[in-house]
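The values are calculated or read from the model by the stated rules, or taken from the named source; none is laboratory data. All figures in this text were calculated on a predicted structure; none of them were measured in a lab. So basically every Cβ, Gly included, is an ideal-geometry build from the backbone, and we count neighbours across all protein chains shown. With ligands, DNA and RNA removed, areas are computed over all heavy atoms of the protein, side chains included. Shrake-Rupley method; radii C 1.70, N 1.55, O 1.52, S 1.80 Å.
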Amino acid sequence: MSGNSLILGAGGMLGSMLRLHLKLKAQDSLFFQSRFDSKGISLVWHLGVSEFSELKRFILENNIKKVVMLYGGRTAEDVDDSAELELIGSCFDIFYQANVTKVLVASSAAIYAKNDTERYSESDAVLECDPYQKKKINLELLSKEYAKKFKDLSILRFGNVLGA
């Protein structure tokens, strides 16, 4: 099945590294989203501010079939993330309505408790003491609920020890 890819969050730390350091460029099959208008961004769209119809229109017009969500949480201090999770759920609904076939939710290895080896696995204990960690865990829980609707929704916890 053919189709294009959209990377949501391309203006954040990890998305910027993908675009700038790895020299990925927006092209016919790869599109980037950011909430800021900057060079190499295909879609300027702001979660919670922009109309969701804009995102849906962009996905449909560009035959987007694969989405990578690079989400870091807009504020680390805001412990109550229910409004943000509702917005992200709306994004998942749009992906489903627009027949996106693959979704990758990029989470963070920052949720793991520190250990002596600094090596982690999916079975390691996670922390819920920090607002950032709580947001990541809640995003994963929401993603798992939406995974029931999608044929192919994956969650990846990036090891971000290199500063991303």
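Grab the Cα-Cα distance for GLN97 and ALA147, subtract it from 0.36 nm times how many residues apart they are, and report the gain in nm with one decimal.
Working: separation 50, 0.36 × 50 = 18.00 nm, distance 1.42 nm.
Using 0.36 nm per residue and subtracting the Cα-Cα distance, I get 16.6 nm.
Given LYS65/LYS136; LYS39/LYS149; LYS56/LYS149, which pairs have Cα atoms separated by over 28 Å? Could you put the intermediate results ahead of the total?
On the way: LYS65/LYS136 24 Å; LYS39/LYS149 35 Å; LYS56/LYS149 18 Å.
Going by Cα-Cα distance, LYS39/LYS149 fall outside the 28 Å limit.
Using the beta-carbon distance between LEU85 and SER154 and R0 = 25 Å, what value does 1/(1 + (r/R0)^6) give for FRET efficiency, to the nearest 0.05?
Computed FRET efficiency for LEU85 and SER154: 0.85.
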For a quick check of understanding: with a 1.4 angstrom probe and all protein chains in place, what accessible area in square angstrom does ASP152 have, to the nearest ten?
50
